[in-house]
Amino acid sequence: MGRFLSAAAIGMMVAATAFLGTGCGGQPSSPPGAAETASVAGEDYGLYCKEHGVPEKFCTLCHEELKESLLLCKEHGDIPEDICTLCHPEVEAKYDLVMCPEGHGLPEHFCNQCEADPAA
């Protein structure tokens, strides 16, 4: 009878291990929809200037003093290089930038073409 209990105990341990192994899957538990929310939110870039549609740390319109410390894109109107979407198209999605509605390819409030052409 001792042999039967040992075999039964081993069988239960194997079954429990198999059950836990397939149930867990090595994934951390999270609420439903959390993965979608995290992927949509993207990278955390800090405070966001809602008025000008860029991260606050690049908003030279609100913070003139940033022009002294940030690298500016001379070719596209002295906007911060970090948000120059003509030089770096990937930053539009990375920083969730609000783009020029006229299609000039720059952040809306930093578009030197709209600034030069008031009719645009």
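Side notes on the structure shown:
- For C73, nonlocal amide neighbours, meaning residues 5 or more places apart or on other chains whose placed amide H falls under 5 Å from its own, are D78, I79, E81.
- Once backbone amide H atoms are built at 1.01 Å from N, M99 has E108 as its partners under 5 Å, excluding neighbours fewer than 5 places away on the same chain.
- The reciprocal of the average 1/r between distinct C-alpha atoms defines the Kirkwood hydrodynamic radius, which for the range 54-120 equals 11.9 Å.
- Relative contact order, percent, the range 54-120 [alpha-carbon distance under 8 Å, six or more residues apart]: 23
- Our coupling estimate for the range 88-103, obtained by passing each phi through the Karplus curve with A = 6.51, B = -1.76, C = 1.60 and θ = phi - 60°, is 9, x, 5, 6, 4, 6, 4, 10, 6, 6, 8, 8, 4, x, 7, x Hz, Gly and Pro reported as x.
- Amide H within-cut-off set for C49, under 5 Å, with H built and near neighbours excluded: V54, E56
- Sparsely packed loop sites in the range 53-105 (the GluC sites (Glu not before Pro) outside DSSP H, G, I, E and B with at most 13 other Cβ atoms within 10 Å) comprise E64, E65, E75, E90, E102.
- Going by neighbour counts of Cβ atoms within 10 Å, the residues V98, V54, V91 line up, fewest first, as V98, V91, V54.
- Residue order, fewest to most beta carbons within 10 Å, for L66, L86: L86, L66
Every number here is computed from the coordinates shown, using simple stated rules; none is lab data. Remember, predicted model here, so these are calculated numbers, not experimental data. Don't worry about glycine lacking a Cβ; one is built from the backbone with ideal geometry, like all the others, and counts go over all protein chains shown.
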